[in-house]
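To start, the structure under review is shown below, and the notes come after it.
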Amino acid sequence: MSVDTSLTPVPFARPSIGVEEEEAVLAVMRSGWLTTGAVSAQFEQEFAKEVGARHALALNSATAGLHLALESLGVGPGSVVITTPYTFASSAEVARYLGADPVFVDIDESTLNIDPVLVESTVERVSREGRRVSALLPVHVAGRPCDMEAIHRVSLAHGIPIVEDAAHAFPVMYGDRHVGTIGDAGVYSFYATKTITTGEGGMVVTDRDEVAARIRIMRLHGIDRDVWNRYTEPGASWKYDIVAAGYKYNLTDLAAAIGRVQLKKARSFLERRRAIVRRYLTAFSAFDFLTLPSWTENHAWHLFIVRLKDGKLALSRDELITELQARGIGVSVHFIPLHIMSYYRERYGLQPEDFPVAHACYESSVSLPLSASLTDDEVDRVIAAVAEIGVAHHR
Ligand SMILES: *Cc1c(COP(=O)(O)O)cnc(C)c1O
């Protein structure tokens, strides 16, 4: 009996995990060493080589990576971290972990990325108010590189370090460099839906030795040296010192084993994502009710975010989402901007219209299914659902 796949939902994001990942995890399980060890160290070396960074430090999340990157660069109480409201929780909460305040800067409508002109004017305003800007934290939204040249100019002019939130942006180049390796530190996410995954996990890359050294210590309780081999190396010393109140942010070898395989597949995953995006763009260009992301090779295509144009359909954005879901299409919204979230709104007295572009983009955006494991049939079902809704609800 055949299954009617037309009734199976199209998942918003589905990880691409194969036999190679299963075997890699089994090998770690059978090795007698499960947590941070030789496999994590190999993953770090391979990742650093891949992106052309001097150091790569594996962590149990990108959030942990952003936290420690800021910490290692001297972000502390009372200082300001400049970021975008058009992002996930992590990008701003990490400033709060350190007693710093996130100051939001609106985005560019065509890229959804932080507006570099406003970064400059905001740095000047915050400085005039007598506060220290301790970091710039741009987010490469959906995998499209920020204008790093302009952000770098601000960084140089004012002596402010850059931490790139590259959670969406592996792999993608900016000029001849990998996104994530342009700032003082860059942070990738291996969360289950990201372009490569370890279930949960993250990686910080940096060319700065002292930043790497600090993160290495802080990710494992502030212990002054790698200690995983103290159990396995014959004659290894049982002694260690604690030099800071560190954190418990290390990546397990179980996760790193998945990451090593995923890293090898990253290129082919990207090719598949590009093919899906081209298919979407070709099909949707016939519709007058969507604003589409502009095509570029220079994009990791983690997310496919479309915007509902005003007045074309007799549907609100929320109703469009309901219609898509009713047809079994997994959708999401990227992002509900942080400045309208209770915590930031109340703590910093923010209004929706304080960041009008971010707010307008939020109100009109829908993210459609995009992952390397999506089949052509599933892509066609997404296209058919959007077409059907367009016909049924056109004004
Ligand atoms: C997913 C995400 C993160 C956090 O990644 P984790 O690995 O889940 O901590 C940070 N920033 C952005 C923009 C993200 O989308």
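The values are calculated or read from the model by the stated rules, or taken from the named source; none is laboratory data. Small disclaimer: the values here were computed from a predicted structure and weren't measured. Every residue, glycine as well, gets a Cβ built from its backbone with ideal geometry; the counts of neighbours run over all protein chains shown.
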message = If I ask for residues that are touching a residue at least 40 places away in the same chain (Cβ under 8 Å) and assigned to a loop (DSSP other than H, G, I, E, B), which ones from region 281-298 would you list?
response = Phe287, Phe289, Pro293, Ser294, Thr296, Asn298
key: Complete set of residues in region 70-86 that are in contact with a Leu (Cβ under 9 Å, 6 or more places away or on another chain) and under 21 Å from Thr206 (Cβ atoms)   = Leu70, Glu71, Val75, Gly76, Ser79, Val81, Ile82, Thr83
inquiry  = Condition check: farther than 23 Å from Ser367 by Cβ, surrounded by fewer than 17 Cβ atoms within 10 Å (Cβ to Cβ), away from the ligand (no atom under 16 Å from the Cβ) and at pLDDT 95 or above. Does Gly37 satisfy that?
reply    = no
request  = Evaluate region 69-87: report whether one residue or more is touching a Lys or Arg at 6+ places or on another chain (Cβ under 9 Å), in a helix (DSSP H, G or I) and closer than 30 Å to Pro116 by Cβ.
outcome  = yes
inquiry  = Against the definition (within 12 Å of the ligand (Cβ to nearest atom) and either crowded, with 21+ Cβ neighbours inside 10 Å or over 18 Å from the mean Cα position of the chain (by Cα) (or both)), how does Thr84 come out, yes or no?
reply    = yes
ask   = Between a first residue in region 56-75 that is over 22 Å from Arg132 (Cα atoms) and a second residue that is outside any helix (DSSP H, G or I) and more than 12 Å from the ligand (Cβ to nearest atom), which pairs have beta carbons less than 6 Å apart while being 6 or more apart in sequence or on different chains?
value = Ala56/Val205; Leu59/Arg219
message = Just checking: which of the strands (runs of 3 or more DSSP E) contained wholly in region 102-202 hold 3 or more residues that are within 16 Å of the ligand (Cβ to nearest atom) and in contact (Cβ under 8 Å) with a residue 60 or more places away in the chain?
response = 185-189
